[in-house]
1. So which residues in segment 90-113 are touching an Asp or Glu at 6+ places or on another chain (Cβ under 9 Å) and among the charged types (D, E, K, R), if there are any at all?
2. If you check every pair at least six apart or on different chains, which have Cβ atoms under 6 Å apart with a residue in segment 92-114 that is under 14 Å from Val58 (Cβ atoms) first and a residue that is loosely packed, with under 15 Cβ neighbours inside 10 Å second?
3. Enumerate the pairs (first residue in segment 47-59 and at positive phi; second residue anywhere and modelled with pLDDT of 90 or more and among the small types (Gly, Ala, Ser)) with beta-carbon separation below 9 Å, excluding pairs fewer than 6 apart on the same chain, so at least 6 apart or on different chains.
Amino acid sequence: MIDTHHRRRPEAAIQRAVFQHLRARAAPGVLAFHVPNGGYRKPVEAAIMKGLGVEPGVADVLLFRPGACPHCCSAGLEGFALELKSDGGRPSEAQLNFMARFAAAGGHTCFASDLDRALAVLEAWQLLRGRTL
């Protein structure tokens, strides 16, 4: 039986699988989450969310791990932003803008076009233990 829900929302299926890997294989100290910015909102609710600080284009997966501040060497966090795309999808201007701002703030960013690429990036960033086959 074909799962038509996943066929209609392939990026959501990739994201679900990424979080399954993170739950099973995250390196010690890794914090990962999704900011639910997308979806339809009534204009009043959208205005409220904007006033509360919602940013357009936030990456699908935000990750943090213990790191060191390059300026004072004190303990801190190292940040990562992973945007997931499928079927030749391209990032929006808002997503490109967010990724540029995240990188300028010292974070690591990547656009991944499928699950294999997403897992390879997380492994390269040393956020996942082990390797996929």
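1. The answer is Arg101, and nothing else.
2. Pairs that qualify, where the first residue is under 14 Å from Val58 (Cβ atoms) and the partner is loosely packed, with under 15 Cβ neighbours inside 10 Å, are Ala94/Pro56; Thr109/Ala103.
3. Going by the 9 Å Cβ cut-off, the qualifying pairs are Gly57/Ser92; Gly57/Ala94.
The values are calculated or read from the model by the stated rules, or taken from the named source; none is laboratory data. Because the structure is predicted, anything quoted here is derived from the model rather than measured. All Cβ positions, glycine included, derive from the backbone under ideal geometry; neighbour counts span all protein chains shown.
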